[in-house]
Protein chains: 2
Amino acid sequence: MNRPLQVQIDGVAGSAVDVLDRGLHYGDGLFETIACRDARPCLLNLHLQRLSEGCARLGIVHPDLPALAGQVRDAAATTPRSIIKLIVTRGSATARGYGAHGDEAPRTLLLQYGWSADPDPQAQEGAVVRIAHGRLGENPLLAGLKHLNRLEQVLIRNEWNDPGIHEALVFGSSGALISGTMSNVFLVRNARIMTPAITRAGVRGVMRRAVLREAEHLGLAAEESTLSAADLDEAQEIFLTNARIGIWPVRRLEQRTLGIGPTTRQLQHVVHALLERGDA
Amino acid sequence: MNRPLQVQIDGVAGSAVDVLDRGLHYGDGLFETIACRDARPCLLNLHLQRLSEGCARLGIVHPDLPALAGQVRDAAATTPRSIIKLIVTRGSATARGYGAHGDEAPRTLLLQYGWSADPDPQAQEGAVVRIAHGRLGENPLLAGLKHLNRLEQVLIRNEWNDPGIHEALVFGSSGALISGTMSNVFLVRNARIMTPAITRAGVRGVMRRAVLREAEHLGLAAEESTLSAADLDEAQEIFLTNARIGIWPVRRLEQRTLGIGPTTRQLQHVVHALLERGDA
């Protein structure tokens with residue numbers, strides 16, 4: 001999964017980006033990671049909705065969404081399973097300095113990677129998870145956005161290289177539980193589902209949103225709130241979500257072994273059906 | 001000052017960067033902004049020292065520093081005054097995901113911009129400064145580094161577009177004063193010089209370091225500490241530093257008018273002489 005199957009820059013095949021792109025200089029942009037199954041993008045509407053909201057918050061003129069949806073569907077159609085990474089940057093700098101001048105032309109990159117059809121052992125057997133040493137800075141300006149400033153995630157992901165550890169849970173600088181390095185986290189206790197409110201740090205994941213919506217449809221109690229290390233200790237079930245992994249039960253957290261509980265399995269079942277239907 | 005005079009990518013003239021560069025995907029890299037006067041780079045040793053320290057903290061194999069110094073000097077020699085921006089990224093991704101795999105080949109970009117020889121009115125008359133609404137997330141993992149995750153600075157710089165306002169002072173999420181958007185800040189009170197300790201947020205600026213060193217040489221009391229809004233209110237002199245502007249006295253902060261005091265002028269004089277000598 002090293003080189004992408006294809007790369008499009010503003011809809012045209014390419015392999016390099018202008019050296020003045022503000023995505024490179026400042027991380028001034030956003031991305032989406034879209035799982036494609038049966039040659040179709042999953043949860044595409046939720047991805048494009050988040051991208052559009054992110055562009056609004058950053059003041060980036062967002063790309064033509066119907067055109068972009070068509071581009072993603074066309075790329076997905078070329079192969080049964082793939083991961084499509086969309087990057088939207090503010091475009092090339094038109095002057096030096098941090099300030100945007102409003103005359104930048106946003107740039108859209110589409111990178112399509114192959115994705116194995118092998119069964120995902122963590123989805124079935126559960127994931128082994130550690131607690132990260134590093135914490136996330138907290139800033140409501142950026143919270144929720146899937147922006148290109150990901151150096152914290154890079155450094156925290158580099159804390160371990162044991163392939164038997166699948167993810168780390170990360171706290172924010174205030175001590176609140178935020179998320180995994182590349183996933184959102186949910187706790188279940190007495191049949192209540194809890195997930196960190198993504199108001200000070202973290203990414204508001206598309207699969208997180210889908211899980212909250214499906215929980216509501218099922219009549220399950222689900223809330224977004226400020227969660228602590230104590231909440232984590234008291235959770236009976238823990239699971240991780242992102243667009244690619246769907247739902248991973250956590251079977252081990254540091255020294256603690258957890259069962260894969262009924263709420264996690266119920267939500268996995270519903271989300272799996274959702275992805276099979278190709279709904280967004 | 002839109003397009004650079006020249007761009008080198010790993011020492012070769014170029015204009016585009018591999019679409020897989022981790023600088024673009026994650027902001028996984030560092031930069032330096034080097035002022036060049038009389039066809040020579042100013043404070044080059046301090047810039048390269050910081051770059052080297054930053055590479056060590058990020059686990060990036062740092063570029064050959066003597067070779068890089070030669071490359072910067074050669075570029076500077078092509079024109080009397082310029083700004084050279086160096087960017088070092090971890091290089092192209094060798095796999096998907098945040099983790100670095102250790103087999104990336106770091107990439108060095110050199111962008112040289114023209115720089116007007118017109119007198120800088122803010123250096124003489126002082127700068128007009130506001131207080132930013134947005135705050136900086138605090139994270140010791142990243143504090144001090146001049147890394148490529150600059151979206152906070154972009155958003156805060158976009159809070160105003162009045163060209164009569166030259167800079168904004170920014171607080172961290174804990175309420176501590178950190179810096180300007182593109183400068184470090186110093187306060188003077190009863191002949192004591194104070195600057196925020198850059199341990200939780202902000203960039204440890206090269207000019208900041210030079211000013212602290214010169215203050216010590218002059219026998220002035222200077223300290224790095226945690227500073228608050230009250231310290232700002234009580235300051236008799238305030239000045240801003242970066243490699244390009246040198247020292248800007250603050251003559252107005254929001255509604256308050258400040259005089260340009262003797263300590264600021266003394267340090268300006270010393271720093272000006274230092275830059276004239278071309279010392280690092």
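For chain A, DSSP calls about 75 percent of its internal beta bridges antiparallel. Specify whether the C-alpha gyration tensor of the stretch B:30-85 places it in the rounded, prolate or oblate class, a ≥ b ≥ c being the square roots of the eigenvalues: rounded for a/c under 1.5, otherwise prolate if a/b is larger than b/c and oblate if not. Prolate is the answer for the stretch B:30-85, as a/c is 1.5 or above and a/b outweighs b/c. Under 5 Å from the amide H of B:Leu136 lie the amide H atoms of B:Phe171, B:Gly172, B:Ser173, each residue being 5 or more positions distant or on a separate chain, with H modelled from the backbone and absent for Pro and chain starts. In this structure the amide hydrogen of B:Ile193, modeled in the peptide plane, comes within under 5 Å of the amide hydrogens of B:Ala221, B:Ala222, B:Glu223, none closer than 5 places in sequence on its chain. Taking 25 Å as the straight-line reach from the Cα of A:Lys146, the lysines in range (excluding those fewer than 8 positions away in the same chain) are A:Lys85, B:Lys146. Pairs of Cα atoms nearer than 8 Å and 6+ residues apart set the relative contact order; for the stretch B:182-240 it is 52 percent. Which shape class applies to the protein assembly as shown: rounded if a/c is under 1.5, otherwise prolate when a/b exceeds b/c and oblate if not, where a ≥ b ≥ c are the square roots of the Cα gyration tensor eigenvalues? Because a/c hits 1.5 or more and a/b exceeds b/c, the protein assembly as shown counts as prolate. Taken per residue, the accessible surface of the stretch A:75-141 reaches 38 Å², heavy atoms only and a 1.4 Å probe. Along the stretch A:52-62 the Karplus relation, 6.51 cos²θ - 1.76 cosθ + 1.60 evaluated at θ = phi - 60°, assigns HN-Hα couplings of 5, 5, x, 4, 4, 5, 8, x, 9, 5, 7 Hz to successive residues, with x for each Gly and Pro. Compactness of chain B, taken as the C-alpha radius of gyration over 2.2 N^0.38 Å, stands at 1.00. For A:Ile60, what accessible surface area do you get with a 1.4 Å probe? Give it in Å², rounded to 10. Using a 1.4 Å probe on the heavy atoms, I get roughly 10 Å². Legend: mean number of C-beta atoms from other chains within 10 angstrom of residue C-beta atoms, peptide A:93-102, equals 6.
Classify the stretch A:152-280 from the C-alpha gyration tensor, please: rounded if a/c falls under 1.5, else prolate or oblate depending on whether a/b exceeds b/c. Rounded, since a/c falls under 1.5.
Each helix, a run of at least 4 DSSP H residues, gives -39500 (n - 2.57); summed and divided by the residues of chain A, these come to -8000 deg cm²/dmol at 222 nm. Relative to the longest principal Cα axis of chain A, at what angle does helix A:65-76 sit, 0 to 90 degrees, rounded to 10? For A:65-76 against chain A, the angle is about 70 degrees. Counting, for every residue in B:256-266, the Cβ atoms of other protein chains within 10 Å of its Cβ and taking the mean gives 0.
Just to verify a number: FRET efficiency for A:Thr226 and A:Arg130, C-beta to C-beta distance, R0 = 25 Å, to 0.05?
On the way: r = 22 Å, r/R0 = 0.88.
Computed FRET efficiency for A:Thr226 and A:Arg130: 0.70.
Summing +1 for each Lys or Arg and -1 for each Asp or Glu among the other residues whose beta-carbon sits under 14 angstrom from that of A:Gln153 gives +3.
Binning at 5 Å from 0, report for the stretch A:175-219 what percent of all alpha-carbon pair distances ends up in each bin. Pairs per bin, as whole percents: 5, 21, 30, 25, 14, 5, 0.
Computed over chain B with a Gaussian network model linking Cα atoms closer than 10 Å, the most mobile of B:Pro163, B:Pro262, B:Pro106 is B:Pro163. The listed residues A:Asp64, B:Asp28, B:Asp120, A:Asp18 rank as A:Asp64, B:Asp120, A:Asp18, B:Asp28 when sorted by accessible area, largest first, using a 1.4 Å probe. Largest GNM mean-square fluctuation across A:Thr263, A:Thr241, A:Thr94, computed for chain A with C-alpha springs under 10 Å, falls on A:Thr94.
Converting phi to 3J(HN,Hα) with the Karplus coefficients 6.51, -1.76 and 1.60 and the offset θ = phi - 60°, the stretch A:109-126 yields 10, 10, 10, 10, 10, x, 9, 4, 8, 4, x, 8, x, 5, 5, 7, 9, x Hz in sequence order, with x at every glycine or proline.
Read phi for every residue in the stretch B:262-273 and hand back ³J(HN,Hα) as whole Hz from Karplus 6.51 cos²θ - 1.76 cosθ + 1.60, θ = phi - 60°, with x for Gly and Pro. With coefficients 6.51, -1.76 and 1.60, one gets x, 5, 4, 5, 5, 5, 4, 4, 5, 5, 4, 5 Hz. For chain A, the longest principal axis of the C-alpha atoms and the axis of helix A:206-217 are separated by about 50°. With a 10 Å cut-off between alpha carbons and a GNM built on chain B, which of B:Leu110, B:Leu65, B:Leu44 moves the most? Sorting by GNM fluctuation, first place goes to B:Leu65.
For B:Met182, the residues 5 or more places off, or on other chains, whose built amide H falls under 5 Å of its own are B:Ala168.
If you count the DSSP beta bridges with both ends in the protein assembly as shown, what percent of them are antiparallel, to the nearest 5? Mind dumping the intermediate values first?
Working: 89 of 115 bridges.
The answer is about 75 percent antiparallel.
The values are calculated or read from the model by the stated rules, or taken from the named source; none is laboratory data. Source: prediction; values computed, not measured. Here the Cβ is made from the backbone with ideal geometry for all residues, glycine too, and neighbour counts use every protein chain on show. Just so you know, the surface numbers come from the protein's heavy atoms only, side chains and all, with ligands and any DNA or RNA stripped out. Shrake-Rupley method; radii C 1.70, N 1.55, O 1.52, S 1.80 Å.
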